[in-house]
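Here, each number is a calculation from the coordinates, and none is a lab measurement. What you see is a predicted model, and the numbers here were worked out from it, not measured in a lab. All Cβ positions, even for glycine, are placed from backbone atoms using ideal geometry, and neighbour counts span all protein chains on display.
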Amino acid sequence: MIDPKLKLDAPRFEPATEPLGEVSIPRLYAYHRVLRQALADGKRTITSQGLAGLLGHTIASTQIRKDLSALGPLGRRGHGYAINPLVEQLAWVLGLEHDWRIAIVGFGYLGHAFATFIIARERRFRVAAIFDKSPAVVGQRWQGIVVQDIAEIERSLPQAECNIAVISVPAEAAQESAQRVADLGIRAILNFAPMPLHLRAPVIVRNIDLAGEMSILTHRLSFESDREMTGL
């Protein structure tokens, strides 16, 4: 039971000095997303069990407590967490206390779908520049942004003041495209092309292989099917 006398305007604690593990960051983002909605709905305190419920019990309450303990003493045992400072702390840790400007290189089906998804999912991510080489795409407008020819990227990208680039071009063009945006000062790249990028520090790269993610599902389906057939 939540203590009704729990102080809601708790001080803001500094996060741990060690960087968080990449496995835990998506969970922290999920906590931030549902807690922000809970706050908008008028809720002021929550327990780890309550947070697990908001997440559909896809993450155990013990895991939630472990993740949040890495951020500092944000809750009280048996009393739960004050949501407002917890949302603020999670935003600070995740870098969501200010806006991030995104450039998308390659605006085919995947690039378009990503742009539409990300602005609907997270208000701090803003698509600021779009590039493609197809004459059928260059010159089109998306959410008021004109798709520019990638040949103009050296001139146009610095003006957009982007922090992050998304690479969604064919595999054979991915490394060159990524190197060009890195040379222009972009320090974080999300790569959807089906090949890993190789860039020197301080550029941060996340390679997302959607087909590889699907293969995890097909493996699990095949494994479960084999178990059913063998009766194991």
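Report the relative contact order of the range 100-212, percent, no decimals, based on alpha-carbon pairs under 8 angstrom and at least 6 residues apart.
Averaging sequence separation for qualifying contacts and normalising by length gives 24 percent for the range 100-212.
Fewest Cβ neighbours within 10 Å first, please rank I130, I204 accordingly.
I204, I130
The chain: percent of C-alpha pairs farther apart than 28 Å?
46 percent
Once amide H atoms are placed 1.01 Å from N in the peptide plane, what residues at a sequence separation of 5 or more from Y81, or on another chain, have their amide H within under 5 Å of its amide H?
Those lying under 5 Å, H to H, from Y81 are I46, T47.
Please order E172, E88 by the number of other Cβ within 10 Å, starting at the fewest.
E172, E88
Could you list E152, E122 in order of exposure, starting from the residue whose Cβ has the fewest other Cβ atoms within 10 Å?
Starting with the residue having the fewest Cβ neighbours, the order is E152, E122.
Working only with C-alpha atoms, what are the Rg and Dmax values of the range 66-157, expressed in angstrom?
Using the Cα atoms of the range 66-157, the pair Rg, Dmax is 19.1, 61 Å.
Give, as ranges by residue number, the residues of the range 80-99 whose backbone N falls under 11 Å from the point 7 Å along Cα→Cβ of L54.
81-88
Among DSSP beta bridges lying fully in the chain, give the percent that are antiparallel, nearest 5.
20 percent
How high is the FRET efficiency from E97 to A211, r the C-beta distance, R0 45 Å, rounded to 0.05?
My answer for the efficiency is 0.85.
Using the alpha-carbon atoms, what tilt in degrees (0 to 90, nearest 10) does helix 210-230 show relative to the longest principal axis of the chain?
60 degrees
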